[in-house]
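Okay, so here's the structure we're looking at.
Just so it is clear, none of the values below were taken in a lab; they were calculated from the coordinates. These numbers were taken from a predicted model, which means no experiment stands behind them. Cβ coordinates were reconstructed from backbone atoms using ideal geometry, including for glycine residues, and neighbour counts include every protein chain displayed.
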Amino acid sequence: MPRRNRSKNQQTTITIVRVFAIVLLLMGAFVAFRYYRRQALEQEQVRQAELAKKEAAAKLLKQKKDFIKKVAPVAQKVDKGTKLLPSITIAQACLESNYGQSDLAQKYNNLFGVKGTSKTTSAVMTTKEYTNGKWVTVKARFQIYDSYEASIRAHNRLFQEGTTWNKNQYKDVLNAKNYTEQAKALVTDGYATDPDYATKLTNLIEQFNLNQYDN
């Protein structure tokens, strides 16, 4: 083979190798770009999800605090001069009405799930009750109130007057010396069937420093 042709073939081979190397580099760069772009997108999605979660938590916390600010002065006024602690009333309202978000609270100002009998002053609603060791969904008639204050006054009156079958139904609640004892007495005296009711109330009181309203 003439030297000229051999040199030409070598140059062609070198050119092909270079082109192939460039193609490989470009492919590698493209794959790397896609990989890091996907990583960046995933990280941004995670960041956005965490941000949305924090915003939702902050919104929920504000909603809870706004509800407490609304009912706390009413509970203080109504419970003043009685043995029922405002912190207990506020915590019960928070727990039983889901901070004012339950249908009962929003539609009928019923903060404590008080049952009713009259068709003119009550409404049928679906609710959950703890019976025989488990939660069950039932339909029941619940009292309608014209305001939160009316609901809280009825709540306080229940503890002062007791039930129709036992006027001393809640004597342990009224004789309790602090919110911890009063929360436990609510279960002892049969107000709540949920075995964790007292703990839930105590946790709420301590989380939001509700005992400040007892002074």
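Below is a table of values for the structure above.
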| item | result |
| --- | --- |
| Residue within the range 73-95 that is of a type in the set (D, E, K, R) and under 15 Å from the mean Cα position of the chain (by Cα) present | no |
| Checking residue 70 against (1) buried (at least 16 other Cβ atoms within 10 Å of the Cβ); (2) out of contact with any Ser or Thr (no Cβ under 8 Å at 6 or more places or on another chain), the condition it does not meet | (1) |
| Close pairs (7 angstrom Cβ cut-off, 6 or more residues apart or separate chains): over 14 Å from residue 214 (Cα atoms) in the range 165-181, charged (D, E, K, R) and buried (at least 17 other Cβ atoms within 10 Å of the Cβ) anywhere | 169/189; 170/189; 172/189; 173/189 |
| Number of positions in the range 103-139 that are touching a helix residue (DSSP H, G or I) at 6+ places or on another chain (Cβ under 8 Å), of a type in the set (Phe, Trp, Tyr) and part of a strand (DSSP E or B) | 0 |
